[in-house]
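The values are calculated or read from the model by the stated rules, or taken from the named source; none is laboratory data. All of these numbers come straight from a predicted model, not from anything done at the bench. A quick note on method: Cβ atoms are made from the backbone with ideal geometry, for glycine too, and the neighbour counts reach across all protein chains shown.
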Amino acid sequence: MRRAEDATPPATPPLSSPDAVIQAICKGIGSGRYVPGQRLVEADLTRELGVSRGPVREALKRLAAERIITLTRHKGAYIRSLSREEVRDLLQNIEVLLGLAARLAAQRIDQADHRQRFEEVFDELLAHRRRGLSFAYLEQRDRFYGVMIDIGGNRELPGMLPATMVQLLRQQFQSYDQFTNPPRRFREYQVMGEAILAGNPKRAERCTRLHIRSSRLAIQSLPDAAFYGNGG
């Protein structure tokens, strides 16, 4: 009988072909490779990803079930545009979840290396105030929220946040000044981060919820044309 210490840990199973296609499309949405209203052509996906049409079709069906794309018999597959009601519901949920994450992070900021980790991502995020909005800024913002959630210690929160839907929302509205509004955004990041570093859970939650709420209200003020693209 083999001893436990001699056992080789099981290798991480490779992604199935449909899972690999789904992952590639979701990453493409995050990077701006795919945007709301854009058509997804099966032949292009098979060539770019090196898979057959079967896995591509399975992936598209699953993404349609998750409301990431619109899939119709005659028009094909399109990256979805979110409706006004979907944006409202999505951001109301995110407001509550990220508010909780900020509260937990403030409560645990002085445990282990939490303060150092958070200060690093917070300072780097604020540095983009001088550099302007870019893909690097979006990546740093995701790291900021990721560390905030991680140090909060709630292991269920990451799975509850609809990451790909959030990326869809960002891509759909990033050209509107009412949504991006860099001065407002960085002011709000600063008060959020300072509240967490001060170990003030109530203020951290309130500031974070107000930040998400202000984004929701800004989007809700946009004209109807902002909510319906070719894939809406």
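Annotations
- Considering the conditions (1) under 29 Å from Ser221 (Cα atoms); (2) among the charged types (D, E, K, R); (3) exposed (fewer than 15 other Cβ atoms within 10 Å of the Cβ), Lys61 is excluded by exactly one of them, (1).
- Taking the conditions (1) assigned by TED's automatic domain parsing to the domain that holds Leu217; (2) more than 19 Å from the chain's Cα centre (by Cα) in turn, Leu71 satisfies each one other than (1).
- Across the range 74-99, the qualifying residues are those that are in contact with a Ser or Thr (Cβ under 9 Å, 6 or more places away or on another chain) and farther than 22 Å from Gly32 by Cβ, and the one among them that is surrounded by the fewest Cβ atoms within 10 Å (Cβ to Cβ) is Glu95.
- Listed by first and then second residue, the pairs linking a residue in the range 183-196 that is without any contact (Cβ under 8 Å) to a residue 40 or more places away in the chain and assigned by TED's automatic domain parsing to the domain that holds Phe118 to a residue that is surrounded by fewer than 23 Cβ atoms within 10 Å (Cβ to Cβ) and not in a helix (DSSP H, G or I), with Cβ atoms under 7 Å apart and 6 or more places separating them unless they lie on different chains, form an empty list.
- If you go through the range 41-58 and keep only what is β-branched (Val, Ile, Thr), buried (at least 17 other Cβ atoms within 10 Å of the Cβ) and touching a residue at least 12 places away in the same chain (Cβ under 8 Å), you end up with Val51, Val56.
- In the range 156-182, residue nearest to Asp142 (Cα to Cα) [restricted to those that are among the charged types (D, E, K, R) and either modelled with pLDDT of 85 or more or within 8 Å of the chain's Cα centre (by Cα) (or both)]: Arg170
- Helices (runs of 4 or more DSSP H) enclosed by the range 133-223 - at least 2 residues per element that are surrounded by 15 or more Cβ atoms within 10 Å (Cβ to Cβ): 135-152, 163-173, 177-180, 182-197, 201-220
- Whichever residue in the range 9-29 is among the hydrophobic types (A, V, I, L, M, F, W, C) and at pLDDT below 90 and, among such residues, is nearest to Val166 (Cα to Cα): Leu15
- Any chance Tyr34 is hydroxyl-bearing (Ser, Thr, Tyr), in the same structural domain as Leu161 (by TED's automatic domain parsing), surrounded by 15 or more Cβ atoms within 10 Å (Cβ to Cβ) and touching a helix residue (DSSP H, G or I) at 6+ places or on another chain (Cβ under 8 Å): no
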